[in-house]
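The values are calculated or read from the model by the stated rules, or taken from the named source; none is laboratory data. None of the values given here were measured: they were computed from a predicted structure. Reconstructed Cβ throughout: ideal geometry from the backbone, glycine too, with neighbour counts over all protein chains shown. The protein model used for the area step is the full one, side chains on, heavy atoms only, and it has no ligands, DNA or RNA in it. Shrake-Rupley method; radii C 1.70, N 1.55, O 1.52, S 1.80 Å.
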Amino acid sequence: VTSPAPDMDGVTAALKAAMDKGAPGAMARFSGPDGVRIRTVGVRDRASGAGMDTRARFRIGSVSKTFSSVVLLQLVDEGRLELDAPVNRYLPGLLPDERITVRHLLTHRSGLAEYTDPMFDKTVPGFEAVRNRVFTYRELVGLSLALPRTGEPGAAYSYSNANFVVVGMLIEHATGTPVATQYERRIIKPLKLRHTSYVHPKTSIKGTHVRGYLHPDEEGAPLVDSTEQTVSWAQSAGAIVSDPADLNTFTSALMRGRLLPPKMLDAMTTVTPTDTAQTRFYGLGLRRYDLSCGTQIYGHTGTVQGYYTYAFATRDGSRALSAMANTSNRGAVNTALGGTLEAAFCGKKTA
Ligand SMILES: C[C@@H](NC(=O)[C@@H](C)NC(=O)CCCC[C@H](NC(=O)C[NH3+])C(=O)[O-])C(=O)O
């Protein structure tokens, strides 16, 4: 069955809408059977006026969770961790509830609270307080455990960065190396992702990159250049840097089974609904969106100060889209940017 050609005019319209809602720039790269299509609008640097550029790197935020999930599932496949084992079997005494399992972390059903809610309650002060800080994993887990649990282990879906901070700890425990080494060995090198890196706690982004601009809470206040930060508040939950081509390579290779054996990929893409409308789903470190044309796409979204990201592919990996807008704390921009998905994967709306 041939897939519909991407509606690149629709992609451009979504990128322009993201700008209208407050992004200095935005871009998208589609990879499909008929080749690659790119679109850019606005600027990647407000000071120099340099135009948005799909060869430029940026912070991918929670798309990092899918990288961490792939590494952890490879370790499960190698028999070094068990999905349904208690986290405390590997990290004794870490969590106050022995019933929290590895799988609960990957499905955001552990009940561990979201420590970034209080951390960034006041957007700019919260960001300025942590942008140059280096946290240990245990400090971040401590921030979460200081808050009430959101539910019983295995009960409701409740998104929390704490889950993927613990995933980072499990990866380091099982391999005896930092997560950066595992991303390199298991994903970045095999897939030749030349513009993807995990440089925590360095604050700079090497090579051509997009500058990110954070919207303050106060309407009309000037944007804050949030490009340089450690992202130590997220680490294995959100600190990877990449570019559109590498993200498309990653999501399509994942869906083509190049990173996980079939049974593990099936486990990863086995989802449960996260919204009452049942159009948004979560598997193991992976989101599934069901589009209006019936196409199901798998990947992740990302939000880090100054950057909104979408990185999704079809289940057969034949089509992939990555899109980015260089602002954040602006929900309307994120929603507008999400419009690239329907345009790219469903094609032109038939009259
Ligand atoms: C939701 C998203 N999650 C992520 O990417 C993770 C790494 N980011 C966050 O938890 C957002 C932290 C606050 C951002 C800040 N917001 C505020 O400061 C609000 N007061 C901002 O918008 O830059 C995902 O999974 O798609």
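Consider ALA18 carefully, then state whether it is touching a Leu at 6+ places or on another chain (Cβ under 8 Å), within 26 Å of TYR282 (Cα to Cα), within 16 Å of the ligand (Cβ to nearest atom) and touching a residue at least 24 places away in the same chain (Cβ under 8 Å).
Yes; evaluated as a whole, the condition is true for this residue.
How about the stretch 109-136: which of its residues are within 26 Å of GLU98 (Cβ to Cβ) and open to solvent by less than 30 Å² (accessible area, probe 1.4 Å)?
Across the stretch 109-136, the qualifying residues are SER110, GLY111, LEU112, ALA113, GLU114, TYR115, THR116, PHE135.
What are the residue pairs meeting all of these: first residue in the stretch 75-88, first residue among the basic types (Lys, Arg), second residue surrounded by fewer than 18 Cβ atoms within 10 Å (Cβ to Cβ), Cβ atoms under 7 Å, and 6 or more apart or on different chains?
The qualifying pairs are ARG80/ALA174.
If you scan the stretch 204-228, which residues turn out to be farther than 17 Å from ALA325 by Cα and away from the ligand (no atom under 13 Å from the Cβ)?
SER204, LYS206, GLY207, GLU219, GLY220, ALA221, PRO222
Can you name the number of the only condition in (1) under 26 Å from ARG57 (Cα atoms); (2) β-branched (Val, Ile, Thr); (3) open to solvent by 50 Å² or more (accessible area, probe 1.4 Å) that THR150 fails?
All conditions are met except number (1).
Tell me which residues, restricted to the stretch 288-325, are part of a strand (DSSP E or B), more than 20 Å from SER3 (Cβ to Cβ) and near the ligand (Cβ under 10 Å from one of its atoms).
HIS300, THR301, GLY302, THR303, VAL304, TYR307, TYR308, THR309
Identify all residues within the stretch 39-81 that are assigned to a strand (DSSP E or B), farther than 23 Å from ILE187 by Cβ and of a type outside the set (Ser, Thr, Tyr); write none if there are none.
Pass one, the stretch 39-81, residues assigned to a strand (DSSP E or B): 39-43, 51, 57-59.
In the following step, the residues that additionally are farther than 23 Å from ILE187 by Cβ were identified as 39-43, 51.
Once the filter is applied, which keeps residues that are assigned to a strand (DSSP E or B), farther than 23 Å from ILE187 by Cβ and of a type outside the set (Ser, Thr, Tyr), the stretch 39-81 yields ARG39, VAL41, GLY42, VAL43, GLY51.
Name the pairs: first residue in the stretch 211-237 and among the aromatic types (Phe, Trp, Tyr), second residue part of a loop (DSSP other than H, G, I, E, B) and within 10 Å of the ligand (Cβ to nearest atom), Cβ to Cβ under 8 Å, at least 6 apart or on different chains?
Between residues of the stretch 211-237 that are among the aromatic types (Phe, Trp, Tyr) and residues that are part of a loop (DSSP other than H, G, I, E, B) and within 10 Å of the ligand (Cβ to nearest atom), the close pairs are TYR213/SER226; TYR213/GLY306.
ALA155: open to solvent by 20 Å² or more (accessible area, probe 1.4 Å) and modelled with pLDDT under 95, yes or no? Quick ask: steps written out before the conclusion?
Numbers: open to solvent by 20 Å² or more (accessible area, probe 1.4 Å): yes; modelled with pLDDT under 95: yes.
Yes, satisfied.
Using the structure shown, decide if ALA26 is within 16 Å of the ligand (Cβ to nearest atom), open to solvent by less than 30 Å² (accessible area, probe 1.4 Å) and part of a helix (DSSP H, G or I).
no
Give me a count of the residues in the stretch 326-351 that are open to solvent by 10 Å² or more (accessible area, probe 1.4 Å) and either modelled with pLDDT under 95 or assigned to a loop (DSSP other than H, G, I, E, B) (or both).
Number of matching residues: 6.
List the residue pairs whose Cβ atoms are under 6 Å apart, where the first residue sits in the stretch 330-351 and is within 19 Å of GLY25 (Cα to Cα), the second is among the hydroxyl-bearing types (Ser, Thr, Tyr) and open to solvent by less than 50 Å² (accessible area, probe 1.4 Å), and the two are 6 or more positions apart or on different chains.
Correct list of pairs: VAL333/THR327; ASN334/TYR308; LEU337/TYR308.
Search the stretch 229-242 for residues being aliphatic (A, V, I, L, M) and assigned to a loop (DSSP other than H, G, I, E, B), and hand back the single one that is farthest from the ligand (Cβ to nearest atom).
ILE240
What's the number of the only condition in (1) more than 16 Å from the ligand (Cβ to nearest atom); (2) open to solvent by 70 Å² or more (accessible area, probe 1.4 Å) that LEU72 fails to meet?
(2)
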